[in-house]
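**Q** Please find one structure pasted underneath; my questions will follow.
The values are calculated or read from the model by the stated rules, or taken from the named source; none is laboratory data. These figures come from a predicted structure and were not determined experimentally. A quick note on method: Cβ atoms are made from the backbone with ideal geometry, for glycine too, and the neighbour counts reach across all protein chains shown.
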């Protein structure tokens, strides 16, 4: 008996053309690929600040059009550096971000600051003064409250420790001369540079700044520790007590 012939295959049904009510492909899907390619081919010079923020947000917000958010972040913080060095609390309060999103944004600033710090630690700071000032600007200029940073130097004026001793308010930071000198002696430091910031933007020293500095110099000299300088950091501007003749 002859086996029956297999049924002939049914012709493939051609796809229906997309109608007006078909779901559109989100425009940001192709945008992400294009932006990544622009970054890889043109580097940072070919991208705006908000576009770099978009790249940071892509992995943590995969199903969201992040361009408006990136622009809002730059507007809120004023510049890219202020954004990536912002405190987690401020990011959480302003945008209700998750820990994952906060980490994606701020790890960039943390890595950059660490790289800059590695350029000054264990090196003679007086020979690389501009690099040291750039590092202090990056670390402190965009802080919203005052802080006192202490740079401890060895007998060759190499930076052996970089520490934030105190954090204060928007216009005041307490300073304790005995604590500064005690810490210098613990580290075996021969000299110290005082650095503090003025969030309001005026880098000129106040009367309290001048008085505090004299008190630290008096306490330090009594125990053989030199105060090389006191720097005041404001956004884009730095004042040196030594250059002003105050040390």
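**Q** Taking the stated definitions as given, is residue 104 assigned by TED's automatic domain parsing to the domain that holds residue 220, crowded, with 17+ Cβ neighbours inside 10 Å and either in contact (Cβ under 8 Å) with a residue 24 or more places away in the chain or closer than 20 Å to residue 197 by Cβ (or both)? Walk me through how you get there before you give the answer.
**A** Values: assigned by TED's automatic domain parsing to the domain that holds residue 220: no; crowded, with 17+ Cβ neighbours inside 10 Å: yes; either in contact (Cβ under 8 Å) with a residue 24 or more places away in the chain or closer than 20 Å to residue 197 by Cβ (or both): yes.
Criteria not met by residue 104.
**Q** Sort through 195, 133, 181 and tell me the only one that's in contact with a helix residue (DSSP H, G or I) (Cβ under 9 Å, 6 or more places away or on another chain) and either in a helix (DSSP H, G or I) or farther than 30 Å from residue 80 by Cβ (or both). It would help to see each step written out before you state the result.
**A** On the way: 195 fails: either in a helix (DSSP H, G or I) or farther than 30 Å from residue 80 by Cβ (or both); 133 fails: in contact with a helix residue (DSSP H, G or I) (Cβ under 9 Å, 6 or more places away or on another chain).
Criteria check complete, one pass: 181.
**Q** Moving on to the next point. Can you tell me which residues in segment 119-128 are loosely packed, with under 14 Cβ neighbours inside 10 Å and either more than 22 Å from residue 82 (Cβ to Cβ) or modelled with pLDDT of 90 or more (or both)?
**A** Filtering segment 119-128 for residues loosely packed, with under 14 Cβ neighbours inside 10 Å gives 119, 122, 127.
Within segment 119-128, 122, 127 meet the criteria.
**Q** Does any residue of segment 206-213 turn out to be surrounded by fewer than 21 Cβ atoms within 10 Å (Cβ to Cβ) and part of a loop (DSSP other than H, G, I, E, B)?
**A** Looking for residues that are surrounded by fewer than 21 Cβ atoms within 10 Å (Cβ to Cβ) and part of a loop (DSSP other than H, G, I, E, B), one finds at least one in segment 206-213, hence yes.
**Q** I'm trying to understand the selection: among the residues of segment 83-97, which are in contact with a helix residue (DSSP H, G or I) (Cβ under 9 Å, 6 or more places away or on another chain) and either part of a helix (DSSP H, G or I) or exposed (fewer than 12 other Cβ atoms within 10 Å of the Cβ) (or both)? Spell out the reasoning first.
**A** In the first step, residues of segment 83-97 are kept if they are in contact with a helix residue (DSSP H, G or I) (Cβ under 9 Å, 6 or more places away or on another chain); the result is 83-88, 90-92, 94-95, 97.
Across segment 83-97, the qualifying residues are 83, 84, 88, 90, 91, 92, 94, 95.
**Q** Are any residues in segment 56-71 touching a helix residue (DSSP H, G or I) at 6+ places or on another chain (Cβ under 8 Å) and in a helix (DSSP H, G or I), and if so, which ones?
**A** Scanning segment 56-71 gives 56, 57, 67, 69, 70, 71.
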